[in-house]
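**Q** Sharing a structure below in structure tokens format, with a few things to ask.
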2 protein chains.
Amino acid sequence: MGESSLRIALAQLNVWVGDIEGNARQMMEAAATARDRDHADIVAFPEMALLGYPPDDLLLRRGLPDAIESALALLTEQLTGITAVVGYPEYAGEDIYNAAAVISDGERVAHYRKQCLPNYGVFDERRHYRSGDAPCVFELGKRRIGVTICEDIWEQGPAAQAKAAGAEVLINLNASPFHVEKQGEREGLLAQRAKANDLAICYVNCVGGQDELVFDGRSCAVDRSGQLTLRAPAFESGVFCVDTQAQSGTQGTPSIVAEESDEALIYDALVRATRDYVDRNGFPGALIGASGGIDSALAMAIAADALGGDRVWAVSMPSRYTADISNVDAADQAERMGVHYDELPIEDGFSALLNTLAPLFGDREPDTAEENLQSRIRGALLMSLSNKFGHVVLATGNKSEMAVGYATLYGDMCGGFAPLKDVYKTWVYRLAKFRNTRGDVIPERVITRPPSAELRDDQADTDTLPEYDVLDPIIEAYVEDGESIEGICARGFAEDDVRQVAGLIRRNEYKRRQAAPGPKVTRRAFGRDRRYPITAVYGDL
Amino acid sequence: MGESSLRIALAQLNVWVGDIEGNARQMMEAAATARDRDHADIVAFPEMALLGYPPDDLLLRRGLPDAIESALALLTEQLTGITAVVGYPEYAGEDIYNAAAVISDGERVAHYRKQCLPNYGVFDERRHYRSGDAPCVFELGKRRIGVTICEDIWEQGPAAQAKAAGAEVLINLNASPFHVEKQGEREGLLAQRAKANDLAICYVNCVGGQDELVFDGRSCAVDRSGQLTLRAPAFESGVFCVDTQAQSGTQGTPSIVAEESDEALIYDALVRATRDYVDRNGFPGALIGASGGIDSALAMAIAADALGGDRVWAVSMPSRYTADISNVDAADQAERMGVHYDELPIEDGFSALLNTLAPLFGDREPDTAEENLQSRIRGALLMSLSNKFGHVVLATGNKSEMAVGYATLYGDMCGGFAPLKDVYKTWVYRLAKFRNTRGDVIPERVITRPPSAELRDDQADTDTLPEYDVLDPIIEAYVEDGESIEGICARGFAEDDVRQVAGLIRRNEYKRRQAAPGPKVTRRAFGRDRRYPITAVYGDL
């Protein structure tokens, strides 16, 4: 290391919640790469990398403090020839801190406790952690390096405090989940903090799917003037380096991966999230009910891209109401993607159960009861295959359906994971078209035919719902912005539509409460990101 | 009001989340009772009574601040002839406080912001609220009355601060959910705070079921010496008064409802929770799959006690594996309780779906796939009746099953509400026996026969699980205490049993994530009270 030059490696890892030993192993491998391949002076790991994020109440297990301490001791002993900044949960008596240890030459030379604890949206950090109050600045050669953690950089205090304590470069450890347009916010903020404090900033983030969240990586760095000097790729793990000089805070050629389109980012987010859910939970593959519609077509593409076609099993379950082209198109796509494909007609089961119910149904008109029964038979068949062969069922519902309840609880909502849960219907089309730009896998007719649940004759989604290009922005205003009925109408939507949609969203909270988890990709996803009571009256608010 | 005497009415109301107008109406009626019937000087309402508790992200709706302000203005105008202490959410710019307004003669004369915000267990208050930092003491006649809110009394600061600001009596507003042994903790704490600060304390709590929580009321008061002077009944709304003298902090005859047994309290909690869920969500009644087993028998009793037998519909769905006595016992109980009863044999549907699956199942041995299919057909039949007739399905699974996954997702887990979700199997028996002491409704044989899922020949729960009197304490140690494997073994359980049970609990997180809500009655319930990742590795911790 030259007197004024410093090479910092950002270890953009895909750690796994709870797998302390495995995470420590990944960290040692990344440190070796940073040291031996990249000749880095420092390797920085993501927030909470030793335990994974978010650990939630796993933090409260009695056995955890000892396991963390052992792993940290091992890392301290074995991480040699490089200085490492390690995110971990620090247990101090009754208190837990979201902490970072700086390890160098077999010793913990510095130590930081996160000061700003997010407790909104998907975050619950004040449930477990106490806030730190002190800066952390350590010396390496002649350089002084500050450390902060994630939310700390979103407020003004901690960076200024590190600067005041002498930091020339700030390393910020993150576990920052993806949503669309996030990277622009991050890089804008980093530039602002860097300029305001005359401080180069290195931002290291994790990657990978973790239940309702998917981390996108895109670790990055800015120099003292706020100029971007590094942007690592999205959704891929790796070790990425940045050089900082005492003068400018940067040197050499910036290494900046181009930003992809929103379609590409969301698609890749769904693939990453699905792969990690399926693999980490130990499933041999994934089952999909393939209806010939756009949702299951997109889900099949995502699953095949995530797992390989040979680990995906698409099952078409036609009824008396299913158009022939539905089966043809589903089979066509399965063949194009190397996906296993079977057909299980539901007519016999449907007739048998209708007969069973006949004495109680009497001469009542057919309604959603008969429609949902078809969907529930399909769910039961998929779950039977899952129980027999071990594949996880992927639910194919999208965010528009989740919002207004246009899905059958215990029917098409069956599944361990729901890749499209936070994807509006209008975006399902955009992503399907996007996927075909990487290779033509979804038959054109699936994209162009009008959407229908095919649970009765001549059914179309628009029989009961506004067109999706009206529905989706109303949902977005109500769910993502928390906008009132009045406020949404003021955005130019018809009051009848707004009241219908808002009413459906309210009344279907009970369905969402029992929905499979799926990855957040918008500003406000259903699930841990948006917590509403089921039993509640709040009409116009 | 005499110079030194003060009568405080505690309005133990069953408010409804989001129903601001309805809650305000209830408050005005209670205030009129307190004033006209009881000649009280002050009426105190529960924490957040104007909006209901917990409102969760409903607090973030854009239309809410105006609605709250209007309702508070109306209360201020109309609550005359008595001083009222009103819990509500206070919007102050970007901040929200969990607040209390003191209203007297058409004016808001004092104001308090909750200082201690619980953010553990079922509570998420730091997600929404900022902390206050000032005491609130108002004068009435010659007396000085302090106000605090819920968690404030569980810490030492706020009561001492109110005393220092001159309070002689402290009114503490609560939305304190029930769990077993809670009242002892509350009254012990109040006695301690009262003595430590030489301060009489009035504790007003709400009642009623709200999704996963049930509030038990049991509002109470202690005098300056810590002596209990009032205990209101559990799970019933009403207005209850306490007199305090300047000297002793109390006068007149103490009015103390006797504490009931834990069995009675839990049973009444489940009845209250079930009634409020069904009624407030607008269901005409409840459907129960009646298997002849102890769980569905207890659930039927709870539902009938909550709603009246004529609003409960029990459906037996026998298969080739169902013992005749199962149907007989279920029908017997239904008749005793005036519950509608029907039988829908599942054999035809089961055969039809097995035939449909046969080409894919091939010659594989029967396993849980065939067992779960029976359960899922039952779920689909109940949901079909629910869709056709509007009754909500009650899931009958207990906490022991929820813990180890001894329940079929989309099968017997179907339902909008799960009354027994937080009741251990050993407690299911205790509660069934207890219920029969109030009238013999559950056939003796249901209580005495060995438990079986009846999904294959000669099946017994103990084929795959330890006896329930071993299983339940292991679950309790692991789930409620967060105890490690080692720690549970040290309590005297066999390591094999402990590892089996802990492994099952870990692996079934995905099922619980899709389970219906049910009322918390233990120290640590599944659901919002215990938040674990699905995708996680944490073997021995």
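The values are calculated or read from the model by the stated rules, or taken from the named source; none is laboratory data. Everything quoted here is computed from the prediction, not taken from an experiment. We place every Cβ from the backbone using ideal geometry, glycine too, and count neighbours over all the protein chains shown.
**Q** Hey, can you tell me all the residues within the stretch B:334-368 that are assigned to a helix (DSSP H, G or I) and among the charged types (D, E, K, R)?
**A** Answer for the stretch B:334-368, where residues must be assigned to a helix (DSSP H, G or I) and among the charged types (D, E, K, R): B:E335, B:R336, B:E347, B:D348.
**Q** Within the stretch A:310-328, identify whether any single residue is touching a helix residue (DSSP H, G or I) at 6+ places or on another chain (Cβ under 6 Å) and in a helix (DSSP H, G or I), and answer yes or no.
**A** Checked the stretch A:310-328: no residue is touching a helix residue (DSSP H, G or I) at 6+ places or on another chain (Cβ under 6 Å) and in a helix (DSSP H, G or I).
**Q** State yes or no: is A:P54 crowded, with 23+ Cβ neighbours inside 10 Å, facing chain B (nearest Cβ under 10 Å) and either in a loop (DSSP other than H, G, I, E, B) or in contact with a Leu (Cβ under 7 Å, 6 or more places away or on another chain) (or both)?
**A** yes
**Q** If you don't mind, there's one more thing I want to ask. What are the pairs with Cβ atoms under 8 angstrom where one residue, in the stretch A:73-89, is modelled with pLDDT of 95 or more and the other, located anywhere, is surrounded by fewer than 20 Cβ atoms within 10 Å (Cβ to Cβ) and assigned to a loop (DSSP other than H, G, I, E, B)? Sequence gap at least six, or different chains.
**A** From the stretch A:73-89, the pairs are A:T76/A:G106; A:E77/A:G106.
**Q** Just to be sure, is B:Y203 buried (at least 24 other Cβ atoms within 10 Å of the Cβ), in a helix (DSSP H, G or I) and either of a type outside the set (G, A, S) or outside the structural domain of B:R311 (by TED's automatic domain parsing) (or both)?
**A** Taking the combined requirement at face value, the residue does not satisfy it.
**Q** Just checking: which of the helices (runs of 4 or more DSSP H) contained wholly in the stretch B:445-541 hold 1 or more residues that are over 30 Å from A:L409 (Cα atoms), among the charged types (D, E, K, R) and touching a residue at least 60 places away in the same chain (Cβ under 8 Å)?
**A** Counting at least 1 such residues, we get B:468-475.
**Q** Also, I was wondering about something else. Which residue, of A:A196, A:A264, is in a helix (DSSP H, G or I), touching a residue at least 12 places away in the same chain (Cβ under 8 Å) and under 27 Å from A:D305 (Cα atoms)?
**A** A:A264
**Q** Could you please find all residues in the stretch A:90-106 being more than 23 Å from A:D57 (Cβ to Cβ) and modelled with pLDDT under 95?
**A** A:D105, A:G106 - these are the residues of the stretch A:90-106 that are more than 23 Å from A:D57 (Cβ to Cβ) and modelled with pLDDT under 95.
**Q** Would a scan of the stretch A:13-24 turn up a residue that is among the polar types (S, T, N, Q), within 14 Å of chain B (Cβ to nearest Cβ) and closer than 21 Å to A:A234 by Cα?
**A** Taking every residue of the stretch A:13-24 in turn, at least one turns out to be among the polar types (S, T, N, Q), within 14 Å of chain B (Cβ to nearest Cβ) and closer than 21 Å to A:A234 by Cα.
**Q** Now for a different question. Could you tell me which of the residues A:V15, A:V109 is crowded, with 20+ Cβ neighbours inside 10 Å and outside the structural domain of A:D279 (by TED's automatic domain parsing)?
**A** Criteria check complete, one pass: A:V15.
**Q** Inside the stretch A:483-499, can you point out the residues that are under 30 Å from the mean Cα position of the chain (by Cα) and not small (G, A, S)?
**A** Result: A:E483, A:I485, A:I488, A:R491, A:V498.
**Q** Considering only residues that are at pLDDT 95 or above and over 15 Å from A:A200 (Cα atoms), which ones fall in the stretch A:139-148?
**A** A:E139, A:L140
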